[in-house]
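The values are calculated or read from the model by the stated rules, or taken from the named source; none is laboratory data. Just so you know, these numbers come straight off a predicted model, no measurement behind them. Here the Cβ positions follow ideal geometry from the backbone for every residue, glycine too, while neighbour counts run over all protein chains shown. The protein model used for the area step is the full one, side chains on, heavy atoms only, and it has no ligands, DNA or RNA in it. Shrake-Rupley method; radii C 1.70, N 1.55, O 1.52, S 1.80 Å.
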Amino acid sequence: MIRKARLSDLDDLLHLYDHLRGGLSYVKRKAMDPTPRHKKALREMLKDPRSLVLVAESRGKVLGTCTLYVLNRVYWQGKPWGVLDSIVVAESAQGQGVGTQLIRHAIKLAKKAGCTHINLTSNTQRVRAHIFYESLGFERTYVGFKMSF
């Protein structure tokens, strides 16, 4: 089942994000513990109709998540566009269609919101994820850049 996240999902979300961070060999960080900042951020995102934190759940267990941001723009006739972020499926649930359901649901929501297209970025080392995204119809069209603070 795909549903909107709840504040009570915070621990599960952070656990999934740890998998996402830990899936890259060069990322070595301790597991995230929920902080008041995490809780505040999630609470604000849940209130914002243009930030849709989705979870895939089975038998009461959160197996995956992604966030869809619906953003306004002047470009493209002033129509909104979607950005998918924080896409992760628990290692134990990978290959079972969980990610496919999550992303297809997010695409449906983006279309319903009037988005002209949807973008996502993925670390260059996540080759399996790239193949997965392409299998869902995404195209490699951009080179991404990042500046950390």
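Please tell me if LYS146 is open to solvent by 60 Å² or more (accessible area, probe 1.4 Å) and under 19 Å from SER8 (Cβ atoms).
Values: open to solvent by 60 Å² or more (accessible area, probe 1.4 Å): yes; under 19 Å from SER8 (Cβ atoms): no.
It is false that LYS146 is open to solvent by 60 Å² or more (accessible area, probe 1.4 Å) and under 19 Å from SER8 (Cβ atoms).
Is it true that GLY82 is in a strand (DSSP E or B) and at pLDDT 95 or above?
In short, yes.
So which residues in the stretch 62-89 are without any contact (Cβ under 8 Å) to a residue 24 or more places away in the chain, aromatic (Phe, Trp, Tyr) and within 27 Å of LEU20 (Cβ to Cβ), if there are any at all?
TYR69
Can you find a residue in the stretch 4-26 that is open to solvent by 20 Å² or more (accessible area, probe 1.4 Å), touching a Lys or Arg at 6+ places or on another chain (Cβ under 7 Å), part of a strand (DSSP E or B) and modelled with pLDDT of 95 or more?
No, the conditions are met nowhere in the stretch 4-26.
Do the conditions hold for LYS47, that is, is it open to solvent by 50 Å² or more (accessible area, probe 1.4 Å) and over 18 Å from the mean Cα position of the chain (by Cα)? I'd like the intermediate steps shown before the answer.
Details: open to solvent by 50 Å² or more (accessible area, probe 1.4 Å): yes; over 18 Å from the mean Cα position of the chain (by Cα): no.
Here the answer is no, as LYS47 does not meet what is asked.
Looking only at the stretch 104-128, how many residues end up being of a type in the set (Ser, Thr, Tyr) and in a strand (DSSP E or B)? Outline the logic, then answer.
Restricting attention to the stretch 104-128, the residues satisfying the condition of being of a type in the set (Ser, Thr, Tyr) are 116, 121-122, 124.
Now restrict to residues that are in a strand (DSSP E or B): none.
Looking only at that region, the number is 0.
Restricting attention to the stretch 55-79, which residues are within 14 Å of GLY114 (Cα to Cα) and part of a strand (DSSP E or B)?
Within the stretch 55-79, LEU68, TYR69, VAL70, LEU71 qualify.
Is at least one residue of the stretch 91-113 at pLDDT below 95 and over 22 Å from HIS19 (Cβ atoms)?
So far as the stretch 91-113 goes, no, none of its residues is at pLDDT below 95 and over 22 Å from HIS19 (Cβ atoms).
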